[in-house]
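Read the structure below first, then the notes.
No lab work stands behind these numbers, since they all come straight from the coordinates. Predicted model, so just to flag it, every value in this text is computed and none were measured. Heads up, the Cβs are rebuilt from the backbone with ideal geometry, glycines too, and the neighbour counts pull from every protein chain shown.
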Amino acid sequence: MAEKRTTGEWQALDRAHHMHPFTDSKTLAARGTRVITRAEGVYVYDNEGNKILDGMAGLWCVAVGYGRRELVDAATRQLLDLPYYNSFFQTSTPTQIELAQKLSELTPPGLKHFFFANSGSEANDTIIRLARLYWSLMGKPNKRTFIGRTWGYHGSTVAASSLGGMPAMHTQDGKNLPEFAHISHPHWYLRGGDLSREEFGIQAARELETKILELGPENVAAFIGEPVQGAGGVIDPPMTYWPEIQRICRKYDVLLVADEVICGFGRLGHWFGSEMYDIKPDFMPMAKGLSSGYLPIAASAIHERIFEVINDKAGMVHHGYTYSGHPAACAVALANIELIKKEEIIERVRHDTAPYFRKAMEQVTNGHPIVGELRGVGLLAGFQLVKDKAKRTVFAPEQEVGIRCREFATQNNLIMRPLGQSTVVLSPPLVISHSEIDELADKVKRSLDATAKLFG
Ligand code: PLP
């Protein structure tokens, strides 16, 4: 347990020694960090005792909400029995085996094998290595390039940031790794012009064909996309998009990777986004909702036809992490899955909470002066902030409209995030109730109203 300190004391220590992820340290030093000390249900509490509605479920991950005894007990039991053992060199532990088996029942057909990691980034790095290995074993060693999308996010390691299409990450790195290419994100509102959503979906997917032909199909290993782009600003594609992507991948013998790190485990009202969009992936990374964030764990699902080739021909696969399949993290993931099933959380999201959430957000945004588009599926929402609705023009990045909106949200004791182009997003815990959605809607409205006033 950490000691009790005043917020000022925490802030001074934090400033002195702690480097934060995705943070401007000068701004942090000037304003001081917000110290979160405990959480319950859909609320987190800071060191000052403020009760804050967590509209982001942590970082899209706390699916079952905070303070769930079942997950804590599962971790405690496992830590007492066997706090750690690895799965290298012909060893295994029961919770790893059970979790892999459980995932094979839940994931789309053909995904029968699971490689464990600690984060979504590592799960994607694993897939890059395994896909290249597969093609090499198939006698096509030049099939190495991965195609991702602008504003796609697949993690923060060197490889995963090249795989993603976040402009600021690429700029800061100076140079992307070779053998990673990108096509545009399927954002109809800003890019669709006069096309209907459905027509735009086909057009956006066909960029993949153009890119494959430009690179040469003999050089392309895989295409990766999130069923709904999360960190890019909650971009849900037209329903025509994924079938066309799938057709193109099959035509050119390009593997299809559905990154389910955000969409998996009920966020869209289905176990996986692939179910909703009828995607048949060859690889599927998952993390976040897998353990509801209580302990870090991720998995890469591998289609049996790929696994069989690796199994038959590779011999030792030189890949793995010390904490691959950490027994306690696996125990928590198993308890989390059991809870999701027992409480029928996904069915509730699909048939009840998500429609209620959508209606509440529509009431807030319909006719709102600064919101051009409300996007989202399930319990994901993206609010497109625009300067000019008729022309669909967004604010310039240096105007930091999303950051201002987040600051208003913070004043209202609500966590929401600025992401993508002039967008703020929500991704609350899946267990949020109707009355908590009403409170959320009220806080979102006040934050958007204040933003509109500032930029009006
Ligand atoms: N993939 C997607 C779709 C994500 O949203 C994220 C993180 O937000 C990642 C991968 C990376 O996961 P991690 O932060 O656990 O490395």
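Of interest is the spacing of the C-alpha centroids, which for segment 400-456 and segment 345-384 amounts to 12 Å.
What FRET efficiency comes out for residue 129 versus residue 36 if R0 is 35 angstrom and r is the Cβ-Cβ distance? Round to the nearest 0.05.
Computed FRET efficiency for residue 129 and residue 36 comes out at 0.50.
Taking 51 Å as R0, compute the FRET efficiency from the Cβ-Cβ separation of residue 454 and residue 278 and round it to 0.05.
The formula returns an efficiency of 0.75 here.
DSSP assigns beta bridges within the chain; of those with both partners inside it, close to 70 percent run antiparallel.
A simple rule links phi to the HN-Hα coupling: the Karplus curve 6.51 cos²θ - 1.76 cosθ + 1.60 with θ = phi - 60°, which for segment 429-439 gives x, 5, 8, 4, 8, 4, 5, 6, 5, 4, 5 Hz, with x for Gly and Pro.
Here's the list of lysines a cross-link from residue 288 could span, going by alpha-carbon distance under 23 Å and ignoring same-chain residues fewer than 8 apart: 102, 112, 280, 341, 342. Mind running the shape call on the chain? Use the C-alpha gyration tensor, a ≥ b ≥ c as the square roots of the eigenvalues: rounded below 1.5 for a/c, prolate if a/b tops b/c, oblate otherwise. Oblate, because a/c is 1.5 or more while a/b does not exceed b/c.
Taking a ≥ b ≥ c as the square roots of the Cα gyration tensor eigenvalues, with a/c under 1.5 meaning rounded and otherwise prolate when a/b beats b/c, else oblate, which class fits segment 162-265? Walk me through the intermediate numbers first.
Values: a/c = 1.43, a/b = 1.10, b/c = 1.30.
In terms of gyration-tensor shape, rounded.
Fully extending the segment from residue 198 to residue 317, taken as 0.36 nm per residue of separation minus the present Cα-Cα distance, adds 38.6 nm. For 45, 134, 294, the sequence from fewest to most other C-beta atoms within 10 Å is 45, 294, 134. Among 133, 440, sorting on how many other beta-carbon atoms sit within 10 Å of each Cβ, with the fewest leading, yields 133, 440. Relative to one another, the C-alpha centroids of segment 212-245 and segment 81-134 are positioned 24 Å apart.
Residue exposure proxy: 56, 239, 284, ordered by other Cβ atoms within 10 angstrom of their Cβ from fewest to most, comes out as 239, 56, 284.
Would you mind calculating the gained length between residue 7 and residue 341 on full extension (0.36 nm times residue separation, minus the Cα-Cα distance), in nm to one decimal?
On the way: separation 334, 0.36 × 334 = 120.24 nm, distance 3.93 nm.
Using 0.36 nm per residue and subtracting the Cα-Cα distance, I get 116.3 nm.
For the peptides 6-12, 202-208, the ranking by mean Cβ contacts within 10 Å, running from highest to lowest, is 202-208, 6-12.
Between residue 23 and residue 398, residue separation times 0.36 nm minus the direct Cα-Cα distance comes to 133.4 nm.
Would you mind calculating the relative contact order of the chain from Cα pairs under 8 angstrom and at least 6 residues apart, reporting the percent as a whole number?
This gives 21 percent for the chain.
Placing unit charges on the Cβ atoms only, positive for Lys and Arg and negative for Asp and Glu, gives segment 274-392 a dipole magnitude near 600 debye about its Cα centre.
Once you order the gyration tensor axes a ≥ b ≥ c over the Cα atoms, which shape class does segment 344-456 get: rounded for a/c under 1.5, otherwise prolate or oblate by comparing a/b with b/c? Here segment 344-456 falls in the prolate category.
Shown in residue order for segment 378-387 are the 3J(HN,Hα) couplings computed by the Karplus curve 6.51 cos²θ - 1.76 cosθ + 1.60 at θ = phi - 60°: x, 9, 10, 9, x, 10, 7, 8, 10, 7 Hz (x for Gly and Pro).
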